[in-house]
1. Given points 7 Å out from each Cα along the Cα-Cβ axis, report the residue 181 to residue 235 separation in nanometres with one decimal.
2. Cross-link partners among aspartates and glutamates for residue 339, C-alpha distance below 19 Å, same-chain residues fewer than 8 apart left out?
3. Could you tell me the accessible area of residue 122 in Å² (1.4 Å probe, neighbours in place), rounded to the nearest ten?
4. For the pairs 204/314; 314/336; 60/314, flag any whose C-alpha to C-alpha distance is greater than 29 Å.
5. With a Förster radius of 41 Å, plug the Cβ-Cβ distance of residue 248 and residue 59 into 1/(1 + (r/R0)^6) and report the FRET value to the nearest 0.05.
6. With a 1.4 Å probe and every protein chain left in place, tell me how much accessible area residue 320 has, in Å² to the nearest 10.
7. If each residue of separation counts as 0.36 nm, what is the full-extension length gain between residue 146 and residue 79 once their alpha-carbon separation is subtracted?
Amino acid sequence: MEIDGQPVIFCFAAWMSHYEGAVQSDVPVWAGKRAPGGRTRGYFLGEVYNFLPLRDKSLKYRLFGDVQARFNTKRLGGNESQAGGVTIVWCAADPRDGDRVKMVGWYRNATVHRENQEIREYLAVREEHKLSAENRYFNIICDPEDGRVLHSDIRPPLPHTPGLSALGRWHSSSKSWMGDNNSGLRTAVTRWLKTDWDAAVRRKFGASKPIKRRQVLTTIRERQGQSEFRKLLLNAYNGACAVTGCSFADLLDACHIDPVSNETSVHSAGNGIILRTDLHTLFDLGFLAIDPESRTVWISPDLTDATYLKLAGKKVRPPEIGYAAPSTIHLGHRWKTRKSTA
């Protein structure tokens, strides 16, 4: 199967919400048989990190995907060892819906390796600590802007699966499938890849209206009440604003990058940053943003106060070693909502 000139591979993984590590709030579930900790039948699921942006040795963020499969890279238009320009459709059985197979996300323009790659051979040293000691391999890689994981409540079911039992097929030695060139499946996936999923989330959770300044200001105390998330980020940023360096605790907020108003936020270091309270308000309103690539501050031209204009172009301080940096994916979504006109 091809979509937009790219061969498509359907890869079957455990069911998770975020795929940024197996944690108590996001335990992998494989067709209802997953044990706590991400194990089943003696092997560890590497896909638990599939959507965690990690910096490679050039310090560029990547998504390192893992699936139990050995790809025919020559069939995919590549050479004996790898093929580029591939679309990966990640699938999983929803344990809340009778193990119905659904699309959980995708990689576009991905590079597929025939053999498993040692992930730590590709990572910057500062990133290695983010993975479990048992997570050793990957066989798919793409840029974060080409990857997307869908909210668990809006994932669409596949209209066609291989054979009589998709779970039986995908529980065998290879958990990948080329789609059998099914026209209905191709039509559905083509439509899904072009769907505005952010709008779908807003419709699902009734968050279609933009966040107002009054709403932001009245939730400051609520934010500070999220004690575990706040404690995590204060430790990650050594008790200081990542932009200004302000270290007065009463003026610091644990800021969600994926906003709480969307109800898609997770309390993780990758979805958070410590900001001074006024900067948090500007961030929520779209008057301040962080460039997902350069990690520098952007200030809206509508904001004329010199106090804030001098922050434009300032490099955002990264977290301490041992903590995940802000997710490129989350920052990218925020970047698209910034207010660039009056």
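The values are calculated or read from the model by the stated rules, or taken from the named source; none is laboratory data. The structure displayed is predicted, hence computed values, not measured ones. We place every Cβ from the backbone using ideal geometry, glycine too, and count neighbours over all the protein chains shown. Quick note on the areas: whole protein, heavy atoms, side chains included, nothing else; ligands and nucleic acids left out. Shrake-Rupley method; radii C 1.70, N 1.55, O 1.52, S 1.80 Å.
1. 5.5 nm
2. By straight Cα distance, residue 339 reaches 198, 258, 278, 284, 291, 293, 302, 305.
3. Its accessible surface works out to 80 Å², give or take rounding.
4. Values: 204/314 36 Å; 314/336 19 Å; 60/314 19 Å.
Checking Cα-Cα distances, 204/314 exceed 29 Å.
5. 0.85
6. Here the residue's solvent-accessible area equals roughly 80 Å².
7. Extra length available between residue 146 and residue 79 comes to 21.9 nm.
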